[in-house]
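Have a look at the structure below, then the notes.
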Amino acid sequence: MLLYPDMEKLSIARYSLKDEEYPFDGFTHTRVISRGFIFDGEGRVCLHRLYRDDIFCKQEYYETPGGGVDEGESLIEALRRECLEETGYELSDIREIAIVEDAYNLIKRKNENHYFLAKATKHHDPHFASEGDLFIKETRFYTLEEALRLYEGMDDRLVSGLVKRRELPIIRRLVEQNLF
């Protein structure tokens with residue numbers, strides 16, 4: 001049984017984004033990524049606050065938990081592993097809600113992001129496992145309205161802008177569907 005029965009109303013949204021920050025010089029690889037809009041028992045969504053200072057930029061922004069799918073791993077297995085590593089939460093009631101293609105021209109990478117809704121269940125200590133996890137400065141749960149305001153306030157440029165263009169439409173859709 002799904003956490004929220006109205007999730008059945010959601011079809012899988014699909015859209016593509018272009019990297020407008022850096023010149024396009026072709027792609028050398030594609031990364032398949034699983035990301036989750038992970039909700040607690042009160043209908044609040046889990047978000048990371050990240051800070052980065054690397055070849056892409058110096059910036060602070062918000063992003064959903066998730067990461068790359070390892071060879072031989074399913075999308076859901078990757079989501080479960082990434083969320084456990086980054087947030088410490090096990091997941092249940094998983095449902096795919098969006099596929100977003102985007103790119104990082106600077107490193108010639110195309111991304112295929114698969115977004116899921118899921119319920120946070122049993123909690124363990126997170127154990128960051130990848131270099132990207134080091135950007136995570138805080139992880140907490142927000143109401144959808146709070147998450148919407150956070151994303152709307154994010155910078156429109158660089159990595160923040162890419163994440164905002166990728167995730168804000170999904171948050172708006174969840175708010176509009178009044179699922180929570």
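The values are calculated or read from the model by the stated rules, or taken from the named source; none is laboratory data. On a predicted model such as this, the values are computed, not experimentally measured, just so you know. Every residue, glycine among them, receives a Cβ derived from its backbone with ideal geometry; neighbour counts consider all protein chains shown. Protein only, heavy atoms only, side chains kept; ligands, DNA and RNA dropped before computing areas. Shrake-Rupley method; radii C 1.70, N 1.55, O 1.52, S 1.80 Å.
What the table shows:
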| read-out | value |
| --- | --- |
| Selected residue (criterion: modelled with the lowest pLDDT) from residues of the stretch 134-180 that are open to solvent by 10 Å² or more (accessible area, probe 1.4 Å) and of a type in the set (Lys, Arg) | Arg157 |
| From the options Ile94, Ile99, residue that is under 22 Å from Ile12 (Cα atoms), in contact with a helix residue (DSSP H, G or I) (Cβ under 6 Å, 6 or more places away or on another chain) and open to solvent by less than 40 Å² (accessible area, probe 1.4 Å) | Ile94 |
| Given (1) out of contact with any Leu (no Cβ under 8 Å at 6 or more places or on another chain); (2) at pLDDT below 95; (3) more than 23 Å from Arg14 (Cβ to Cβ); (4) open to solvent by 10 Å² or more (accessible area, probe 1.4 Å), index of the condition Phe128 fails | (1) |
| Among the candidates Gly72, Gly68, residue that is among the small types (Gly, Ala, Ser), at pLDDT 95 or above and under 14 Å from the mean Cα position of the chain (by Cα) | Gly68 |
| Pair list, Cβ under 9 Å, 6 or more apart: the stretch 17-35 residue charged (D, E, K, R), other residue surrounded by 12 or more Cβ atoms within 10 Å (Cβ to Cβ) and assigned to a loop (DSSP other than H, G, I, E, B) | Glu20/Arg157; Glu21/Phe56; Glu21/Cys57; Glu21/Arg157; Asp25/Lys108; Arg31/Val69; Arg35/Thr64; Arg35/Pro65 |
